[in-house]
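Data first, discussion second: the structure below is written as structure tokens.
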């Protein structure tokens, strides 16, 4: 029983790599999610429904399909991938950056949905009053809209972090399952399942995953309840 709690260095590597990927994916996604959340909450324009549908595709498409599309886009023969390889000598697929991109794409819709909902609950009159007092749109956004919708923004960040932590299909397709480089927590569990006699490390990683995901969801619910009360 005590062996169940003795985490091997390779398992710690997978856990820490997952956390790094999840944190970076959130940091990369947040600026764009704030902008799109505000646009979807405040603006009406032709093609808005189409934009929302495209943004939410990663939620309904099989993650493996998303990973394959990323591979086509960022591969050395892909539109962006070929340019990056020719100009900068950078190859994205099957790298740490690929794992971050895959997690970002999968988790992005959850962040946008949460931010959009939070910003739509902010009184438009407060923003108009701020602009009447001489504040610009950008200053009003950061001094009025963002602080008032902060609980929803934080909730979206936590949900995106938790989703990134559990991402499997797009990551294994686009980034591979390379130990110490792209082997995140779910991929490590998958690798151990394929090996005989690896029941203990598999269970350890499953427990760690459950604990992190449960804490993240509890924090998200707390922020959502706080937003509703306020």
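So how tilted is helix 63-74 from the main axis of the chain? Cα-based, degrees 0 to 90, rounded to 10.
80 degrees
To the nearest 10 degrees, how steep is helix 79-88 against the longest Cα principal axis of the chain, on a 0 to 90 scale?
80 degrees
When the chain is modelled as a GNM with alpha-carbon springs shorter than 10 Å, which of 22, 120, 155 fluctuates the most?
In this elastic network of the chain, the residue with the biggest mean-square fluctuation among 22, 120, 155 is 120.
Using Cα atoms only, what is the angle between the long axis of helix 199-229 and the major principal axis of the chain, expressed in degrees (0 to 90) to the nearest 10?
Helix 199-229 and the main axis of the chain meet at about 10 degrees.
For the stretch 88-162, with equal point scatterers placed on the C-alpha atoms only and solvent neglected, what are the log10 I(q)/I(0) values from the Debye formula at q = 0.11, 0.22, 0.28 1/Å, to two decimals?
Relative scattering, expressed as log10 I(q)/I(0), comes to -0.43, -0.90, -1.15.
In nm, give the distance between the simple-model label positions of residue 57 and residue 120, each being 7 Å from the Cα along the Cα-to-Cβ direction.
2.2 nm
So which residue, out of 208, 154, 101, gets the largest mean-square fluctuation from a GNM of the chain using Cα contacts under 10 Å as springs?
208
Contour minus end-to-end for residue 80 and residue 215, with contour as 0.36 nm per residue of separation and end-to-end as the Cα-Cα distance? Don't skip to the answer; put the middle values down first.
Working: separation 135, 0.36 × 135 = 48.60 nm, distance 3.72 nm.
Full extension of this stretch gives 44.9 nm more.
Mind running the shape call on the stretch 9-89? Use the C-alpha gyration tensor, a ≥ b ≥ c as the square roots of the eigenvalues: rounded below 1.5 for a/c, prolate if a/b tops b/c, oblate otherwise.
Oblate.
Given a Förster distance of 22 angstrom, what is the FRET efficiency for residue 137 paired with residue 48, based on the Cβ-Cβ distance and rounded to 0.05? Kindly include the intermediate steps, with their values, before the conclusion.
Values: r = 19 Å, r/R0 = 0.88.
Plugging the Cβ-Cβ distance into 1/(1 + (r/R0)^6) gives 0.70.
Who wins for biggest fluctuation among 139, 52, 167 in a Gaussian network model of the chain, springs between alpha carbons below 10 Å?
It is 139.
Given (1) 8, 34, 38, 19, 1; (2) 6, 23, 23, 18, 15, 10, 4, 0; (3) 8, 27, 30, 21, 11, 3, 0 as candidate values of P(r) over Cα pairs in 10 Å bins from 0, in percent, which corresponds to the one derived from the coordinates?
Comparing each candidate, only (3) matches the computed number.
Applying 1/(1 + (r/R0)^6) with R0 = 35 Å to the Cβ-Cβ distance of residue 6 and residue 28, what FRET efficiency is obtained, to the nearest 0.05? Let's see the in-between values first.
Details: r = 34 Å, r/R0 = 0.99.
The pair residue 6/residue 28 has a calculated efficiency of 0.50.
Rule-based calculations on the coordinates, nothing more; no lab input. Since the model is a prediction, treat every value here as computed from it, not as a measurement. A quick note on method: Cβ atoms are made from the backbone with ideal geometry, for glycine too, and the neighbour counts reach across all protein chains shown.
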